[in-house]
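Just below is one structure, and these are the notes that go with it.
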Amino acid sequence: MQRAVRSGKLEAGDRDRALEALRFTTDWDAFVDRQLVVEAVTEAEGLKVDVFRELDRVVAASDAVLASNTSSIPIMKLAMATARPAAVIGLHFFNPVPVLNLVEIVTSLLTGPETVETAEGFAVGQLGKRTIRSQDRAGFIVNALLVPYLLSAIRMLESGFASRDDIDAGMVEGCAHPMGPLALVDLIGLDTTLAVAQSLYEEFKEPLYAPPPLLSRMVEAGLLGRKTGRGFYEYGH
């Protein structure tokens, strides 16, 4: 927010009001009176299921919306951890959230129309985002299209077919992408990319979704991209 103020994209008063509205807690019971909760923990199914089980326990209002920011895990798997599957929905934001305007709204077979209306009103009416609707399949719309492309770039590098720089330059200079696929994997996080690929492969069993060995080995080595200082590129922290 301070960077946005310095660059003239945000007024200082708006920054101050936003910061005053934020509260931090590690107490589950603080969610008791919430009308909408967006889960955004690590892309691990077991962890997300545990979070939804706890939210179901503590959030009091029966019409409160329990949303997940998952990029790949089917919403039904999370909804069935609760006693209120009609109130569970996917609200998938894109990174970096302040810059990218899109939100995927993902409904399970049991998501209620009131839940969809509330989620849409929050994303569009309160946040000013653009929404698209997706059925409840692993990867939803964007990652079902994006991840095979990213995995293909990793396989191309792994096989020695082309260099890292040439792969990325090809997509930036030849297809007008804002960044190359390997740089994008570094931004997303190699661990997150691997988790999404695993979810997609588990759902569809198609080879294009299978994680390349190089991706798995890099995650095992802790080379997760920008957040660790090294992935396909190196970053100074």
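Assorted remarks:
- Per-residue Karplus couplings for segment 145-157, computed as 6.51 cos²θ - 1.76 cosθ + 1.60 with θ equal to phi - 60°, are listed in order as 8, 6, 5, x, 5, 5, 5, 5, 5, 5, 5, 4, 5 Hz, Gly and Pro entered as x.
- Cβ-Cβ distance of ARG34 and GLU54, R₀ of 22 Å, FRET efficiency by 1/(1 + (r/R0)^6): the value works out to about 0.95.
- Normalised contact order of the chain, rounded percent, pairs of Cα under 8 Å and 6 or more residues apart: 13 percent
- Segment 70-140: relative contact order as a whole-number percent, Cα under 8 Å and 6+ apart: 37 percent
- ARG137/GLU158 FRET efficiency (R0 30 Å; Cβ-Cβ; nearest 0.05): 0.65
- Debye, to nearest 20: dipole size of the chain, +1 on Lys, Arg Cβ, -1 on Asp, Glu Cβ: 280 debye
- Set of aspartates and glutamates with alpha-carbon distance to LYS48 below 15 Å, sequence-local pairs under 8 removed: GLU39, ASP56
- When the chain is treated as a Gaussian network with alpha carbon springs shorter than 10 Å, the biggest mean-square fluctuation among GLU203, GLU54, GLU117 belongs to GLU117.
- Percent carbon-and-sulfur accessible area, the chain, ignoring ligands, DNA and RNA, probe 1.4 Å: 55 percent
- Rolling a 1.4 Å probe across the protein heavy atoms gives the chain an accessible surface of 55 Å² per residue.
- Whole-Hz Karplus values for segment 49-54 come out as 4, 4, 5, 5, 5, 5 Hz, taken residue by residue from phi with 6.51 cos²θ - 1.76 cosθ + 1.60 and θ = phi - 60°; glycine and proline positions read x.
- Each residue of segment 221-234 is assigned a 3J(HN,Hα), and the resulting list reads 7, x, 8, 9, x, 4, 5, 10, x, 7, x, 6, 10, 10 Hz, derived from the Karplus form 6.51 cos²θ - 1.76 cosθ + 1.60 (θ = phi - 60°), x at Gly and Pro.
- Tensor-based shape of segment 30-114 (alpha-carbon gyration tensor, a/c under 1.5 rounded, otherwise prolate or oblate): rounded
- Residues whose placed amide H lies under 5 Å from that of GLU39, excluding near-sequence neighbours: ALA67, SER68, ASN69
- Accessible area, probe 1.4 Å, largest first, for residues PHE204, PHE24, PHE232: PHE24, PHE204, PHE232
- Within the chain, helix-based [θ] at 222 nm, where runs of 4 or more DSSP H residues each add -39,500 (n - 2.57), nearest 500: -12500 deg cm²/dmol
- With 23 Å as the limit, the listed pairs LYS77/LYS129; LYS9/LYS129; LYS129/LYS205 have LYS77/LYS129; LYS129/LYS205 beyond it between alpha carbons.
The values are calculated or read from the model by the stated rules, or taken from the named source; none is laboratory data. In this text, all values refer to a predicted model and were calculated from it rather than measured experimentally. Cβ atoms come from the backbone with ideal geometry, glycine included; neighbour counts cover every protein chain shown. Calculation scope for accessible area: heavy atoms of the full protein, side chains included, ligands and nucleic acids excluded. Shrake-Rupley method; radii C 1.70, N 1.55, O 1.52, S 1.80 Å.
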